[in-house]
Structures are given as C-alpha cells and as structure tokens.
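Read the structure below first, then the notes.
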Amino acid sequence: MFTTPNSVSQDQLIWKMLFDRQTALLHRRAAPAFSQGLARLGLRREAIPDIRELSAVVEAETGWQLAPVGRPFEPAAFFALLAERKFPIVTRIRSMQAFDFSPEPDLFHDLFGHVPMLLDEGLANFLHELGQAYIAQPAGSPAREQLWALYFFTAEFGMVQHEGKPCLYGAGLLSSAGEIHHCVNEFTPRPAFDLATVLGTPVTGARYQNQYFMLPVWEQLTECVEELAGMLAGVR
C-alpha cells in the first residue's frame, strides 16, 4: 500500500516527523473513531501512503473513494465530491515553514486527519448528507455559507465528549500541533455544540480558531441532519 514518493526524502521526512508528533500529542486526546480508523488503515510513519491504493482500501471498507487534487478548491466543487462519496486529497505536503500550522489543507492534513475518520459510518454519512444539502441550495445563498460553517466546525475543528473528557475528531485539530495546543489551552472557549449557533459562526482558516464546539455525545452529529433540513427550508 505504501510507496516513498520520488519527490524525495524531504516530503518523507516531513511526513514522518508530523506522524510521530501528532500520534504522541493525540494519545488520550483523539476520539476513539480516529484511533480505530488509523489502526484499521495501517497508516504508519515509515512511508507516505499511495493514494490510489489507500482509496481502494477505503472503498472496500466504506464505499467512499479518495480523489487526488493538486490544491484545495472552492466549496461548491468540494461539496459536490462529498455528495458522490468522494473525499478530495491534496497531493502537496506542507513545508517545514508551515510545520506547526498549515493555513490550507495539505497531504498530511487530508490523509492523517480526514481519512481515518471516514471509516466511522456516522461521520461518513454526515459528510454525504452535507454534500447533498449543499448542492441542493442555490449558488450564493445564505444556506451554503451556513453549511460550510457546519462542515468547518465539525469535520475540521470538532470536539466530542467521551467518557467525561473532551476528545478531538476534526482533521484541522488532528493534523496540527499548534491547533491542538491552542485548543486545549484553558482560556480557549469550548462551548457545547448548538446547531443554530454553529451555522451563524464566521469561518476563518488563516489562523487558530476563536472557539471549538463540543458535541455532548457523538450521536448528535448525525441527529442534527434532520434539524438542519428544517432550518434550510426557511433560508433558501
């Protein structure tokens, strides 16, 4: 499944260093779904996964495919892929200068942060529902902005209570040491997840988040889809 890229040792070194540091930081901090997905996929520090081979494994497990892309693209194209049960994977890995915090998704963020969570049926279905809901809304509508915010504060920067302690499940947290340290700081707000509040919270990807929303139980992530459908009916 694994191949060392021809773009040589620098990319591989960055992958290995990021992998080692994140797995150490995430010990007892990551949601169980992440740790289970990481183990099921067999991701390891020694080599960057081959995206096509990893996609075949993910598809066999979940029905989802991984779609390699050169760089992040606009939300409309992104959600259209989610609606087809395809997750885009940026093929560029961050530089050493962006080691602690990458303002844009990169290879490590996508493969390490997102793909293990795709093996959780609840999250995978949630992403599929978001993709379908997004493409059903008119271009430029407030509903699309709200759906982007919901994705951002769940799949990218979400937290969940598990056995009485906060756990991380958003890929932006799972893949960034800087974001983790900021998130767990005692002065950083971590309000309880409330759908209406999340939908109205501005999104920023260029710096650490002002707050992180905490799901009281994992099941609320999928339960909010019905509530969301009712809200969207009034904002088309």
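May I ask you to list the residues in the range 194-233 that are open to solvent by 70 Å² or more (accessible area, probe 1.4 Å) and of a type in the set (G, A, S)?
A206, A233
List, please: which pairs have Cβ atoms under 6 Å, are six or more places apart or on different chains, and start with a residue in the range 87-100 that is farther than 21 Å from H181 by Cα and end with one that is part of a loop (DSSP other than H, G, I, E, B) and charged (D, E, K, R)?
Within 6 Å, the pairs are V90/D106; R92/D106; I93/D106.
List the helices (runs of 4 or more DSSP H) inside the range 87-181, counting only whole elements, that have at least 3 residues being open to solvent by less than 10 Å² (accessible area, probe 1.4 Å), under 22 Å from R45 (Cα atoms) and hydrophobic (A, V, I, L, M, F, W, C). Can you show your working first?
Details: elements: 115-118, 121-135, 142-151, 171-174.
Where helices (runs of 4 or more DSSP H) fall fully within the range 87-181 and carry at least 3 residues being open to solvent by less than 10 Å² (accessible area, probe 1.4 Å), under 22 Å from R45 (Cα atoms) and hydrophobic (A, V, I, L, M, F, W, C), they are 115-118, 171-174.
Identify, from the list Y169, Y151, Y212, Y208, the residue that is aromatic (F, W, Y) and farther than 24 Å from L82 by Cα. Lay out the reasoning, then the answer.
Numbers: Y169 fails: farther than 24 Å from L82 by Cα; Y151 fails: farther than 24 Å from L82 by Cα; Y212 fails: farther than 24 Å from L82 by Cα.
Among Y169, Y151, Y212, Y208, only Y208 is aromatic (F, W, Y) and farther than 24 Å from L82 by Cα.
What number of residues in the range 186-220 are among the polar types (S, T, N, Q), assigned to a loop (DSSP other than H, G, I, E, B) and free of Cβ contacts under 8 Å to residues at least 40 places away in the same chain? Write out each step before concluding.
Step one: filter the range 186-220 for residues among the polar types (S, T, N, Q), giving 188, 197, 201, 204, 209-211, 220.
Add one more test, that the residue is assigned to a loop (DSSP other than H, G, I, E, B), and what stays is 188, 201, 204, 209-211.
Then keep just the ones that are free of Cβ contacts under 8 Å to residues at least 40 places away in the same chain; that gives 188, 204, 210-211.
Count: 4.
Yes/no per residue for (1) within 18 Å of Q22 (Cβ to Cβ); (2) acidic (D, E):
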| site | (1), (2) |
| --- | --- |
| E163 | no, yes |
| H182 | yes, no |
| F193 | no, no |
| Q220 | no, no |
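Conditions: (1) among the aliphatic types (A, V, I, L, M); (2) modelled with pLDDT of 95 or more; (3) in a loop (DSSP other than H, G, I, E, B). A80 meets all but one. Number of the miss?
Here A80 meets the rest and fails (3).
The values are calculated or read from the model by the stated rules, or taken from the named source; none is laboratory data. No experiment lies behind these values; they were computed from the predicted model shown. We place every Cβ from the backbone using ideal geometry, glycine too, and count neighbours over all the protein chains shown. These area figures cover heavy atoms from the full protein model, side chains too; ligands, DNA and RNA do not enter into them. Shrake-Rupley method; radii C 1.70, N 1.55, O 1.52, S 1.80 Å.
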